[in-house]
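The values are calculated or read from the model by the stated rules, or taken from the named source; none is laboratory data. Quantities reported herein were computed from a predicted structural model and do not represent experimental measurements. Backbone-built Cβ (ideal geometry, glycine too); neighbour counts: all protein chains shown.
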Amino acid sequence: MGSAKSKKTIESTVSDWPGINVEPHDRGGGHEFTLNGREIGHIHNSRLVDIPFARRIHDILIEEERAQKHHVLPDSGWVSYYVQSDEAIDGALWLLCISYLYHLSVIQKRASDHFEGGEVDIDAELNELNLSDELRRVFSELRADT
């Protein structure tokens, strides 16, 4: 099972992203990460990470075996990722970053949502993540639709 170090590393890394707030998570302990009031994911004390995605992104992540269906709500857009070792930290951060960039793109596109987290070059960040062609295509389509 992942160490307390892995949970702290994830919390510390995500909390450094522009606009992210870290708050206690009510269900199962741990902390949730929010961006302009939108939850981009949470980590339980057990080092289980749950992350919401648009259904099309969710389906690709499950198909590519990057995450598992949510442990309680398998038919939702949420995924679960188990940080079973310190080596799994990067996988959790990769998923959280995709969620962050998706929600950030929605916020940036909507004039009613003001983002005070500074400038983030979403395209440059996505390039760093080495998304599969299918995931990149769907992400781009969803960004255009929001």
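Consider D16 carefully, then state whether it is closer than 22 Å to V72 by Cβ, surrounded by fewer than 19 Cβ atoms within 10 Å (Cβ to Cβ) and more than 11 Å from the chain's Cα centre (by Cα). Talk me through it step by step, then tell me what you get.
Details: closer than 22 Å to V72 by Cβ: no; surrounded by fewer than 19 Cβ atoms within 10 Å (Cβ to Cβ): yes; more than 11 Å from the chain's Cα centre (by Cα): yes.
Spelling it out, it is not the case that D16 is closer than 22 Å to V72 by Cβ, surrounded by fewer than 19 Cβ atoms within 10 Å (Cβ to Cβ) and more than 11 Å from the chain's Cα centre (by Cα).
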Practice problem: Return yes when E87 is farther than 22 Å from S140 by Cβ and surrounded by fewer than 18 Cβ atoms within 10 Å (Cβ to Cβ) and no when it is not. | Solution: yes
**Prompt:** In this structure, does L101 turn out to be in a helix (DSSP H, G or I) and in contact (Cβ under 8 Å) with a residue 12 or more places away in the chain?
**Reply:** yes
In the stretch 11-42, anything part of a helix (DSSP H, G or I) and out of contact with any Phe, Trp or Tyr (no Cβ under 9 Å at 6 or more places or on another chain) is listed as S12, T13
The correct count of residues that are surrounded by 13 or more Cβ atoms within 10 Å (Cβ to Cβ) and either within 17 Å of A54 (Cα to Cα) or of a type in the set (D, E, K, R) (or both) in the stretch 123-133 is 4
Every listed condition ((1) closer than 21 Å to S140 by Cα; (2) surrounded by 18 or more Cβ atoms within 10 Å (Cβ to Cβ)) holds for Y81 save (1)
Picking from I60, I40, the residue that is at pLDDT 90 or above, under 13 Å from the mean Cα position of the chain (by Cα) and under 27 Å from D121 (Cα atoms) would be I40
Scanning the stretch 6-32 residue by residue, those within 18 Å of H71 (Cβ to Cβ) and hydrophobic (A, V, I, L, M, F, W, C) turn out to be I10
- Any residue in the stretch 11-32 that is touching a residue at least 12 places away in the same chain (Cβ under 8 Å), out of contact with any Lys or Arg (no Cβ under 6 Å at 6 or more places or on another chain), farther than 18 Å from Y100 by Cβ and of a type in the set (S, T, N, Q)? no
**Request:** Would you be able to say whether some residue in the stretch 82-96 is of a type in the set (S, T, Y) and in contact with a strand residue (DSSP E or B) (Cβ under 8 Å, 6 or more places away or on another chain)?
**Result:** yes
